[in-house]
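The values are calculated or read from the model by the stated rules, or taken from the named source; none is laboratory data. Here the structure is a predicted model, which means the values were calculated and not measured. Ideal geometry is used to build each Cβ from the backbone, glycine not excepted, and the neighbour counts take in all protein chains shown.
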Amino acid sequence: MSHNLYIPRKHQAEIETGLARFSVLVCHRRFGKTALSINQLIRAASETDRPDWRGAYIAPLYKQAKTVVWDELKRYCGVGTEECLAKFHETELRADFKNGSRIRLFGAENPDSLRGIYLDGVLFDEVAQMPKRIWTEVIRPALSDRKGWAIFIGTPRGKNALYEIWEEARRDPSWFAAMYRASDTNIIDQDELAAAAREMSPEEYEQEFECSFSAAIRGAYFGNLMGEADKEGRITEVSHDPSLPVHTAWDLGMSDSTSIWFVQARPGGTYAIIDYYEACGEGLDHYAKILDDKAYKYGIHIAPHDIRVRELGTGKSRLEVARGLGIRFDIAPNIPIQDGINAVRTLLPSCWFDMTRCEAGLESLRHYRRSFNERMNDFGVRPVHDWTSHAVDAFRYFAVGFRQPGAGPRPPRTENTYNPFGRLHERS
């Protein structure tokens with residue numbers, strides 16, 4: 001059997017005996033979580049009585065799943081041997097087992113590839129780099145009729161999806177939750193840990209080896225500013241003021257996500273970010289209906305410059321299609337992305353966010369980060385393009401494209417937990 005290749009360490013064996021239907025494992029680097037997770041899927045696929053068992057391994061990016069996991073899956077299944085458990089399909093990253101079971105690899109950056117399937121078991125790896133809605137909106141429903149299981153494994157990267165799922169699991173006795181710090185497991189010897197501690201920043205070491213959720217996200221553009229917003233009480237309940245217009249800023253995706261922020265400019269140069277919406281694979285008519293359903297009194301709608309591009313199929317631009325649906329867009333100036341990022345940095349200290357309605361957008365603002373070149377050991381000049389990009393791009397278009405005539409100077413920043421927007425009436 002392929003499992004002869006996998007001999008679980010002490011802590012891996014503990015996990016295997018403790019797993020529940022839903023489990024969260026927060027592990028330090030080099031813990032062996034990939035080997036653990038792959039073998040959980042292989043064991044479930046090969047030992048099931050169901051001839052149509054389906055399992056999934058989900059990484060943050062499809063390319064990452066292929067690079068990190070695909071060869072390991074084949075190796076643990078015994079590829080090249082007479083006892084090989086499965087037949088492998090390279091183009092689909094799919095393993096078909098002799099008993100009819102199937103394991104497939106996916107990337108979280110393409111939620112549509114996961115819709116419409118059923119699953120008996122799923123493993124999320126590096127959950128901190130994924131949006132939580134992949135679980136709540138896409139995968140959880142896919143497990144329901146089969147009463148399937150899920151395992152979440154990752155190393156912290158701030159307070160994001162992994163942190164939220166970890167906290168929820170700790171409060172729910174039906175879940176299994178475990179944290180494995182390098183100082184406790186002794187998997188990495190003490191000399192190596194001491195060397196790593198000398199070479200890494202304290203925040204990096206605490207995050208990667210001691211599983212700290214409070215350490216800063218490496219290369220995050222707005223991490224400190226979002227932390228200050230949290231500390232100053234500006235991520236809270238922010239009510240809609242029906243006497244003021246609601247402005248929107250959009251990032252328009254074709255095959256991927258479209259993001260919309262809903263903003264009210266308040267007296268004194270502050271901005272109430274009252275709402276956020278994101279969806280994938282929908283036409284403009286869908287978003288026009290969302291605007292109608294929210295029933296705000298709208299002001300300016302801001303779109304990126306490429307909304308003017310004519311589509312091959314219709315010969316019409318999305319600007320023209322939107323106008324036909326009653327949405328008249330102002331076009332954000334086409335400026336270098338770094339200038340747009342700086343505009344967001346300037347704007348954020350004046351923003352108050354509704355913590356509930358803007359949750360998905362806030363997650364993106366916290367985790368939008370520069371690319372890191374491991375070979376050069378340095379950050380790149382451009383941001384990583386991933387699930388955070390759509391929300392941040394839309395916010396960037398607001399930062400560079402919105403102009404409020406007669407707006408006064410921004411008020412001085414203070415340590416303030418009073419919410420000036422909390423007493424306003426909610427939209428009925």
Can you give me the ranges of the strands (runs of 3 or more DSSP E) entirely in segment 155-267 with at least 2 residues that are closer than 26 Å to Trp352 by Cβ?
-> 246-251, 257-266
Note on segment 47-87: residues out of contact with any Cys (no Cβ under 8 Å at 6 or more places or on another chain), hydrophobic (A, V, I, L, M, F, W, C) and either under 19 Å from Arg146 (Cβ atoms) or in a strand (DSSP E or B) (or both) are Trp53, Ala56, Ile58, Ala59
Among (1) farther than 16 Å from Asp96 by Cα; (2) free of Cβ contacts under 8 Å to residues at least 40 places away in the same chain, which single condition is Glu47 missing?
-> (1)
In segment 319-360, the residues that are aliphatic (A, V, I, L, M), assigned to a loop (DSSP other than H, G, I, E, B) and more than 21 Å from the chain's Cα centre (by Cα) = Leu325, Ile327, Ala332, Ile335
From the options Ala86, Ala20, Ala35, Ala13, residue that is touching a strand residue (DSSP E or B) at 6+ places or on another chain (Cβ under 9 Å) and within 26 Å of Met179 (Cβ to Cβ) = Ala20
Of all residues in segment 146-168 being under 20 Å from Arg218 (Cβ atoms) and among the hydrophobic types (A, V, I, L, M, F, W, C), which is surrounded by the fewest Cβ atoms within 10 Å (Cβ to Cβ)?
-> Ile153
Filter segment 110-136 for residues that are modelled with pLDDT of 90 or more, assigned to a helix (DSSP H, G or I) and over 25 Å from Cys211 (Cβ atoms) and give the result.
-> none
Residues of segment 267-320 being within 25 Å of Pro131 (Cα to Cα), of a type in the set (D, E, K, R) and surrounded by 15 or more Cβ atoms within 10 Å (Cβ to Cβ), in sequence order, are Asp275, Glu278, Lys294
Of all residues in segment 26-46, how many are under 13 Å from Trp149 (Cβ atoms) and at pLDDT 90 or above?
-> 5
Of the residues that sit in segment 96-118 and are touching a residue at least 40 places away in the same chain (Cβ under 8 Å) and farther than 24 Å from Pro141 by Cβ, which one is surrounded by the most Cβ atoms within 10 Å (Cβ to Cβ)?
-> Phe97
So is Gly107 more than 15 Å from Ser23 (Cα to Cα), touching a helix residue (DSSP H, G or I) at 6+ places or on another chain (Cβ under 8 Å) and modelled with pLDDT of 90 or more or not?
-> yes
Out of the residues in segment 169-210 that are loosely packed, with under 14 Cβ neighbours inside 10 Å, charged (D, E, K, R) and within 30 Å of Trp149 (Cα to Cα), state the one that is farthest from the chain's Cα centre (by Cα).
-> Asp184
Tell me which of these Arg366 doesn't satisfy, since it passes every other one: (1) among the basic types (Lys, Arg); (2) free of Cβ contacts under 8 Å to residues at least 12 places away in the same chain; (3) surrounded by 16 or more Cβ atoms within 10 Å (Cβ to Cβ).
-> (2)
Determine, yes or no, whether Arg146 is part of a loop (DSSP other than H, G, I, E, B) and in contact with an Asp or Glu (Cβ under 6 Å, 6 or more places away or on another chain).
-> yes
Residue, modelled with the highest pLDDT, within segment 380-417, restricted to residues that are within 16 Å of Ala272 (Cα to Cα) and among the charged types (D, E, K, R) | Arg396
Number of positions in segment 112-129 that are of a type outside the set (Asp, Glu) and either farther than 15 Å from Gln64 by Cα or not assigned by TED's automatic domain parsing to the domain that holds Gly32 (or both) | 9
How many residues of segment 69-83 are more than 12 Å from Ile38 (Cβ to Cβ) and crowded, with 16+ Cβ neighbours inside 10 Å? The answer is 2
How many residues are assigned to a helix (DSSP H, G or I) and among the basic types (Lys, Arg) when one looks only at segment 88-109?
-> 0
How do the pairs read when you match residues in segment 230-247 that are in the same structural domain as Lys297 (by TED's automatic domain parsing) with residues anywhere that are among the basic types (Lys, Arg) and surrounded by fewer than 20 Cβ atoms within 10 Å (Cβ to Cβ), using Cβ under 6 Å and keeping only pairs 6 or more apart or on different chains?
-> His240/Arg427; Pro245/Lys297
